[in-house]
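Right, one structure below, let's go through it.
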Amino acid sequence: MQTSFNTVGVVGTGAMGRGIAQIAAQAGCDVLLFDTQAEAVARAQQDLGAQWERLREKGRMDDEAVAQCKSRLKLAATLEALAGCDLVVEAIVERLDVKQELFAKLEGIVSPEAVLASNTSSLSITAIGAALKQPQRLAGFHFFNPVPLMKVVEVIAGLRTDPAVCERLARLAREMGHTPVQAQDTPGFIVNHAGRAYGTEALRIVSEGVTDFATVDRILRDQVGFKLGPFELLDLTALDVSHPVMESVYRQYYDEPRYRPSVITAQRLAGRMLGRKTGEGFYRYEDGKAQVPP
Ligand code: NAI
């Protein structure tokens, strides 16, 4: 299968990097995984293998497709091992300085024609690109969690991004079975801008004592029709990811009060009650099942 990119490097193999790697391999790309935590890369490979086995059991993939996906997935021990990639997608920690440093390093490793993409939830692509000699090759490529199921991907041009780079990424998104949507380089883009209303307002309802978080979730999920309540969503995303996104959007809009992050999430972040990934967030998780703490 011919795809818009042959070899996709994925830097950061947490929840998002893993999902992006999965759909890239399924689309027919070779995929190289890199993370500063060696065990995160090994875990990602193991989880992806298990994920493909489950798809085989469900009859959604045949033996050959599973074998091909597994063979397309390679582990990179160093960032330099990504030299041959024609696309590198970053899904690391949501910090401008760390992302800038990574892309500046990558620019010295990959070929001048390679495309660089950030899965940032909220940071400015123009600002990330300020660290690059060739900012025209950087774009936002923003997937949602869980990547294989959430079919939309925002493609974001910074002020210096070459439109051809966005067109190529949009083509890849379609080859992955996703729906690309072009978004302007603004804080939170489309979904995380709209999402502020869902998350921060729900946190206000709880902090004002209107009702408890589980009731908010139950009503918005079962009666209003959202797939997940706002607190279930915070637990899925994890507070070490979503609280910095809230802070980032708030700061970028010059402390606009309607985006102000909540002390509720700040406190839980400080207490490492991050959500599903730590087994305890707003809910407690046993065998993957959410329970309301007493
Ligand atoms: P995560 O915490 O699950 O994974 C991040 C991974 O990046 C970790 O394995 C960590 O070791 C690695 N890492 C950190 N700094 C690194 C560096 N300098 N070089 C290489 N690897 C590094 O985070 P998650 O949830 O996958 O999020 C990653 C990015 O995706 C963030 O920018 C986040 O805002 C964005 N995002 C997250 C979504 C979510 O629902 N979790 C949804 C959409 C975007």
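Computed from the coordinates by the stated procedures, all read-outs in this text should not be read as laboratory data. No experiment lies behind these values; they were computed from the predicted model shown. When we count neighbours, we look across all protein chains shown, and the Cβ atoms used for this are built from the backbone with ideal geometry, even at glycine.
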Exercise. Could you state the principal axis extents of the C-alpha atoms in the chain, from the largest down, to the nearest angstrom?
Worked result: 55, 47, 32
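Can you give the relative contact order of segment 192-281 as a percent, counting alpha carbon pairs under 8 Å and 6+ residues apart? Walk me through the numbers on the way to the answer.
Values: 85 pairs, mean separation 25.4, N = 90.
Relative CO of segment 192-281 lands at 28 percent.
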Exercise. Over segment 44-127, what relative contact order in percent results from Cα pairs under 8 Å that are six or more residues apart?
Worked result: 28 percent
Exercise. HN-Hα J couplings of segment 197-207 from phi, Karplus 6.51/-1.76/1.60, θ = phi - 60°, integer Hz, Gly and Pro as x?
Worked result: 4, 5, x, 5, 5, 5, 5, 5, 4, 6, 5
Seminar exercise, completed: Under the Karplus relation with 6.51, -1.76 and 1.60 and θ = phi - 60°, whole-Hz ³J(HN,Hα) for segment 125-138, x at Gly and Pro, equal 5, 4, 5, 4, x, 4, 8, 9, 6, 10, x, 5, 9, 9
Exercise. When the Cα centres of segment 225-275 and segment 62-83 are compared, how far apart do they sit, in Å?
Worked result: 34 Å
Problem set entry | the chain: angle of helix 163-175 to the longest principal axis, Cα-based, in degrees nearest 10 | 80 degrees
For this session: Would you mind checking the radius of gyration and Dmax of segment 192-281 based on alpha-carbon positions, in Å?
Result: 12.5, 36
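Highest mean first, how do 35-45, 185-195, 205-215 rank when packing is the count of other Cβ atoms within 10 Å averaged over residues?
Values: 35-45: 15.8, 185-195: 18.5, 205-215: 13.6.
Per-residue Cβ counts within 10 Å, averaged per peptide and sorted highest first, yield 185-195, 35-45, 205-215.
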Problem set entry | Under 24 Å from the Cα of K227 - lysines, other chains or at least 8 residues apart | K58, K151, K277, K289
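With viscosity set to 1.306 mPa s and temperature to 10 °C, compute the Stokes-Einstein D of segment 171-219, Rh being the Kirkwood radius across alpha carbon pairs; µm²/s, no decimals. Before the final figure, lay out the partial values.
Values: Rh = 13.3 Å.
For the chosen part, D equals 119 µm²/s.
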For this session: Starting from the exponent 0.38 and prefactor 2.2 Å, build the expected Rg for segment 1-121 from its residue count and divide its actual Cα Rg by it.
Result: 1.04
Exercise. Which of the lysines could be linked to K99 by a straight reach, that is with a Cα gap under 16 Å, when you skip same-chain ones fewer than 8 residues away?
Worked result: K133
For this session: Hey, can you grab everything whose amide H is under 5 Å from the amide H of V8? Only 5+ residues off in sequence or another chain; H modelled, so Pro and N-termini drop out.
Result: D30, V31, L32
